[in-house]
There are 2 protein chains.
Amino acid sequence: MSNITLAEIAKVANVSTNTVSRALNGKPDISPKTKKRILRIAEDLGYVLNFPAKSLRSRKTATIGVIVTDISNPFSATVVKGIQDVAWSRNYNVILCDSRGRYDRERQSIKMLFQNRVDGLLLRPMEKKLLDIQMLHKQAIPFVLIEGYFSSVNTDSVVSDWVLGGFLATDHLIKKGHKRILYVNGPSYAANAYQRFIGYKSGLRQSGIRFDESLVKATDGTMQYSYQLMKKTLSDKLDFTAVFAFSDYLAAGCIKALKESGLKIPKDVAVVGHDDIEFAAIMEPPLTTVHIPRHQLGKKAAEILLEKISGNYKGPRTLVIKPELIVREST
Amino acid sequence: MSNITLAEIAKVANVSTNTVSRALNGKPDISPKTKKRILRIAEDLGYVLNFPAKSLRSRKTATIGVIVTDISNPFSATVVKGIQDVAWSRNYNVILCDSRGRYDRERQSIKMLFQNRVDGLLLRPMEKKLLDIQMLHKQAIPFVLIEGYFSSVNTDSVVSDWVLGGFLATDHLIKKGHKRILYVNGPSYAANAYQRFIGYKSGLRQSGIRFDESLVKATDGTMQYSYQLMKKTLSDKLDFTAVFAFSDYLAAGCIKALKESGLKIPKDVAVVGHDDIEFAAIMEPPLTTVHIPRHQLGKKAAEILLEKISGNYKGPRTLVIKPELIVREST
DNA sequence: CTGTTAGCGCATTCAG
DNA sequence: CTGAATGCGCTAACAG
């Protein structure tokens, strides 16, 4: 590892460490000549900035922490890319944590990020786990929630319109003539599962269809679960002609089970997903789903966070991004 | 942000900062009584370790850097999970970087990780980009390559058997009676694309089938590309009865194009992918592919790296993990 | 078992 | 425009 320090550069250049620091950081109060000379010496010596030292002294890390519930979920991955694009373009580092939908991991991650003295935090919080959020408030560290929202606390957040997503999907199915629509719900840690459910109900209500509780099924969010669930639902002979799944993942599991039972999609059962992940377009049949501008979601959240960090954010507390229905061949 | 320091705890506890440090770090040479008392005071005061300060002084960060070519690729995501599982269980942090398959980003990421003084590095390197690897050697920083291998330098690496992967897929198709097998190759930055191609050729050779260069197609690794490629290949009326794709992603693009042209899989064209990503099982038809123990790949790499960091790694320079053919319904 | 001293590499005063 | 002094929070080395 490089052990070159400012002091060593200073010695070679016959200047003070202070001057070297100013040259390297592009500060004023230095002649272009000496600056150029110092930069060149630093380069020759293979100088590498010591980040811990800089952070310790300046009390800033130029690093933001990001906590998602699952990196291997393509949804999160795209959001993260949006975040990285913004952060990197402004010379901020990103520390990415994966809570795996587990609350203890979320806490652990927050602790780790605190220890690292990140300048700010971006997170997709667990449902109803207010403690962490309150802690963030108490610590007075800038943070922005992504796809998370707590009515009881005053936070900044960037969310897609969950209710609208549920509504669009449900309304579309109703317009296609369906009345008995199965709602396959998301995992309990997903803060938006309930809201999407509200959208589902409001879709029904608008068309005067009565809500039937037996048509709502809980899952843990995995494809495997929804597959088994649909198997069971079919063997229970539950009466339904369409499915609205909380996510494309869940929709995929349902479709697999439906097809295995010899049912044709969309002839026998129509299916709508949510999120528009990459595979939605190449599924068989291509999945009708609700598209969320994921990259945008991450980008906006990062932009707001960086503004908060620099101390001049005055925008809305909650930025809502509108989803869009993508009609393919599963309905 | 918490501003409690060791000194403040020391003052409250009426001991020296050093004693506090020892208590917090579980070091010997401290009485259980005072230790307990100090821990309790630290807790009460809401003490949060200052990582930059600790790193600066101890010259260790308990952090490893990971560079992958694309997080949103489910393959990488699972490898990363394996890495995190090992790292976190040993109280190491992970800084994850996404090079997006771009060399400048890989360099940038390495630089950033150096600045952060990570204790070690895990990376899936670009093909034939030796410079970075040589730099890592020169900097004498512990590192392990994942799915990357350079014959010209002596590095530790964990790889799946690329040649075998290509062979298994090809041999399977040949046993199914195919002789004209299209090979849809991976992106140029994937170090294993060539080796898999070797496996493809050795599969042909073993069965005495002559190699036909016109059956090899290059791609950039995206589904969109392979989709377009297959469209074109079909319109060119190229003669083939089976496809072996470098990745399941590429296979998915091919399948979409094949189906759109009215071809039945596997009746008209058989398709084999590689990697066994989650969606392979639910594609239509379920995809025959080569499974790679991805989680294992990340786990092993992290274990080796941590052993190297602690200075007692004596194992093999290259650990090869065997892939396995998963026969589904696309062949 | 505990305290004292020193300094990691850097940026921030404040002098010149 | 540049230099000297100071200390961020912590741990390592040495005394007691």
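Each reported figure results from applying straightforward, stated rules to the coordinates on display, with no laboratory input. Keep in mind the model is a prediction, meaning the values are calculated, not measured. Glycine also receives a Cβ, built like all others from the backbone with ideal geometry; neighbour counts cover every protein chain displayed.
Residues whose amide H falls under 5 Å from that of residue B:290, counting only those 5 or more places apart or on a different chain, are B:273, B:274, B:275, B:276, B:326, with hydrogens built in the peptide plane. Dividing the Cα radius of gyration of chain A by 2.2 N^0.38 Å, with N the residue count, gives 1.27. Our note on the geometry: Cα centres of the range B:62-115 and the range B:247-263, 31 Å apart. When chain B is described by a simple charge dipole with +1 on each Lys and Arg Cβ and -1 on each Asp and Glu Cβ, the residue from B:240, B:222, B:73 located farthest towards its positive end is B:73. The Cα trace of the range B:130-252 gives Rg and Dmax of 16.7, 54 Å, the first to one decimal, the second as a whole number. When chain B is treated as a Gaussian network with alpha carbon springs shorter than 10 Å, the biggest mean-square fluctuation among B:80, B:269, B:118 belongs to B:269.
Annotation: lysines with alpha-carbon distance below 27 angstrom to residue A:138 (same-chain offsets under eight excluded): A:54, A:60, A:111, A:128, A:129, A:299, A:300, A:308, A:314, B:11, B:36, B:54. Between 0 and 90 degrees, the angle of helix B:130-139 with respect to the longest Cα principal axis of chain B falls at about 20 degrees. Separation of the range B:155-172 and the range A:1-47, taken as the distance between their Cα centroids, equals 48 angstrom. Remark: the range A:239-249, residue by residue, has Karplus-estimated 3J(HN,Hα) of 8, 7, 10, 8, 10, 10, 9, 4, 9, 5, 4 Hz, where x stands for each Gly or Pro and the curve is 6.51 cos²θ - 1.76 cosθ + 1.60 at θ = phi - 60°.
Exceedance of the 20 Å cut-off in Cα-Cα distance is limited, within the set B:179/B:201; A:267/A:322; A:179/A:237; B:81/B:256, to A:267/A:322; B:81/B:256.
Note on B:250, B:204, A:49: ascending count of other Cβ atoms within 10 Å places them as A:49, B:204, B:250, the fewest first. Karplus-based coupling profile of the range A:274-280, in residue order and whole Hz: 7, 2, 6, 6, 3, 6, 4, with θ = phi - 60° in 6.51 cos²θ - 1.76 cosθ + 1.60 and x standing for Gly or Pro.
Decide, for the range B:182-275, between rounded, prolate and oblate: order the square roots of the alpha carbon gyration tensor eigenvalues as a ≥ b ≥ c, take rounded if a/c falls under 1.5, and otherwise choose prolate if a/b is larger than b/c, else oblate. Oblate shape, in that a/c is at least 1.5 and b/c is the bigger or equal ratio.
Can you divide the C-alpha Rg of the range B:6-49 by 2.2 N^0.38 Å and report the result to two decimal places? Normalised Cα radius of gyration, the range B:6-49: 0.97. Computed from Cα positions, the angle between helix B:294-309 and the longest principal axis of chain B comes to roughly 40 degrees. Angle of helix B:223-235 to the longest C-alpha principal axis of chain B, folded into 0 to 90 degrees and rounded to 10: 10°. Report the percentage of all Cα-Cα pairs in the protein assembly as shown whose separation exceeds 32 Å, rounded to a whole percent. Of all Cα-Cα distances in the protein assembly as shown, 57 percent exceed 32 Å.
Taking the fewest neighbouring Cβ atoms within 10 Å as the starting point, the ordered list for A:277, A:255 is A:277, A:255. For the range B:115-124, the Karplus equation 6.51 cos²θ - 1.76 cosθ + 1.60, evaluated at θ = phi - 60°, returns couplings of 4, 7, 6, 4, 6, x, 9, 10, 8, 9 Hz by residue, with Gly and Pro reported as x. Among B:51, A:197, B:143, sorting on how many other beta-carbon atoms sit within 10 Å of each Cβ, with the fewest leading, yields A:197, B:51, B:143. Treating the range B:242-331 as a set of equal point scatterers at the Cα positions, no solvent, please give the Debye-formula log₁₀ I(q)/I(0) at q = 0.11, 0.22 Å⁻¹. Values returned for q = 0.11, 0.22 Å⁻¹ are -0.42, -0.95.
Here the Gaussian network model covers chain B, with springs between Cα atoms less than 10 Å apart; of B:142, B:285, B:32, B:32 fluctuates the most.
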